[in-house]
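Each remark here refers to the structure printed beneath this line.
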Amino acid sequence: MEKQSYSDDYIKAVKVGRPPNISRLFPNSAALIVSGKYINRALAAKGKAATIAANGRNSFVIRGVLRAAQRANAAIIIEIAKSEGGRNAYCAVNYWNIARQVDAFCNEMGITVPVAIHADHYGIKNDDDIKDARVEIPTLFEAGITSIAIDASHLPDDRNLLANLELNSLIPKWAGLETEVGEIKGKEGLSTKEEALFLIQGLNAHGIFPDWIALNNGTTHGIEASDQGIQVELTKEIHKALEPYRVFGAQHGTSGNSSERLRRIAKETNTTKTNVATALQMISWGLEVNDYGNAFLDENGNFVKHGDRGVTDELWAKMQEYAQSKGWKGGDYKKLNLPFDNMMHAQPAGIKDRMVKGVEDFVYKMLTDVLYASDTAPIVIESILKNGSHDPGPIAERIEDPNEWTKEKIIKKAAGLVSDKGPAGNFDD
């Protein structure tokens, strides 16, 4: 990609629109890394559009997504989840190096679209996680994160809300914020309107206004094994109920859902953020996927590798052999990212280029033909210049009475909710 020229408006946006942590880390950078708040509002302003939040499980995915966003002139989010890039990560890309990679690639490739760096699925499953979070969350922002998802959805509804309240002081006011309700586990344990309202109303009462809420609306993470998929009508119902609180949807588990269903999510709901993880990983490796990113399996249950795409056939054979030695199948192949990252970088330039190109073409089609995110980059720049700040300010206002949302009343209200967290499973990202 040829280096882009920088317009006067773009240069002004870089000067005033980058959060303090980004300006400190990258003082000489020309990359427009911004708060997730700006990305959300740009998609909302366009209307009936969503952008991709791409899980950068390897650097080839990150490069490809940035190139696709540049082609589409679309605001974009690059993210990594706690399971992918936390302290017990299975990827070389992590919470603490992802911003540095994005910044370097943007400058190298002349990327001029705004990018948010999102810490996805910062999971809270018990009191120890809350204790760890008090130390760890500040380090994420020190390392360049500009948006975060606090995911306490595994907990009962009252503890979910209370965990969000307890940790909010650790998150900069300018940062993008996502919250989650209903453990993300597929067709069982679906989120309800009452659960979503409980969480958002409780946050609102305490002056906390999330940009996004993630639901269990029928998705799984990873490889979709059935045609159940995203429940559009359920999503519409919940989003309609939340409209007074100005919170938008974060759609998880898009891999394996049809393009038509994702178009409906973009057009018929208030979704502005769609997470894509497994599909991009598979494409970067050169595996056969359908038009919406679900990997094909042959009659023996093995992935189908294209000889002219992704990693070399020799490296793929080593990856398969390693997975078999570990007893890994299907979604467990994500664990190959860390042990084979250096081997991927050691391949010839032409091979690495095709890994990036495969991701770029897939994401470009998603942005332009499925999610309608084209030309949202200028909306962000215009908004930054209008605000004259890295912080666009709160998206909503307090309409709930804090006296009705004390800890005691939260516990009492939650006792009246009917919810099903669904069966146990491994759906962390």
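What follows is calculated from the coordinates using simple rules that are stated; it is not laboratory data. None of the values given here were measured: they were computed from a predicted structure. Reconstructed Cβ throughout: ideal geometry from the backbone, glycine too, with neighbour counts over all protein chains shown.
For the stretch 8-412, what is the relative contact order in percent, using Cα pairs closer than 8 Å and at least 6 residues apart in sequence?
Working: 843 pairs, mean separation 95.6, N = 405.
Result for the stretch 8-412 is 24 percent.
Of the beta bridges in the chain, as assigned by DSSP with both residues counted there, near 10 percent are antiparallel. Only Cα pairs within less than 10 Å get springs; with that Gaussian network setup on the chain, which residue of PHE248, PHE141, PHE303 has the largest fluctuation? Among PHE248, PHE141, PHE303, the largest mean-square fluctuation in the Gaussian network model of the chain belongs to PHE303. Listed peptides 236-243, 35-42 appear in the order 35-42, 236-243 once ranked by packing, highest mean of other Cβ atoms within 10 Å at the front.
Calculate the dipole size of the stretch 8-412 relative to its Cα centre from +1 charges on Lys and Arg beta carbons and -1 charges on Asp and Glu beta carbons; express the result in debye to the nearest 20.
On the way: 47 positive and 53 negative charges, 157 e Å.
Approximately 760 debye in magnitude.
Ordering GLY358, ILE76, TYR245 by Cα displacement along the dipole of the chain toward the positive end leaves ILE76 in first place; charges were set at the Cβ atoms of Lys, Arg (+1) and Asp, Glu (-1).
The overall shape of the chain is oblate: from the C-alpha gyration tensor, with semi-axes ordered a ≥ b ≥ c, the ratio a/c is 1.5 or greater and a/b is no larger than b/c. Taken as Cα centroids, the stretch 365-403 and the stretch 3-77 sit 12 Å apart, rounded to the nearest whole angstrom. Protection proxy ranking, highest mean first, for peptides 348-355, 329-336: 329-336, 348-355, where packing is the per-residue count of other beta-carbon atoms within 10 Å, averaged. Scoring 386-393, 310-317 by mean Cβ neighbours within 10 Å over their residues and listing the highest first yields 310-317, 386-393. Using Cα springs under 10 Å in a Gaussian network model of the chain, which residue among SER59, SER169, SER284 shows the largest mean-square fluctuation? For the chain, modelled as a Gaussian network with Cα springs under 10 Å, the answer is SER169. Of LYS12/LYS82; LYS305/LYS326; LYS82/LYS409; LYS15/LYS236, which sit over 27 Å apart, Cα to Cα? As for pairs spanning more than 27 Å Cα to Cα, those are LYS12/LYS82; LYS82/LYS409; LYS15/LYS236.
Calculated mean residue ellipticity, 222 nm, the chain: -12500 deg cm²/dmol, from DSSP H runs (n ≥ 4) at -39500 (n - 2.57) each, averaged per residue and rounded to 500. Among the lysines, select those whose C-alpha is under 16 Å from the C-alpha of LYS37, and discard any that sit fewer than 8 residues away in the same chain. Within the straight-line limit of under 16 Å, LYS37 reaches these lysines: LYS46, LYS173, LYS273, LYS386.
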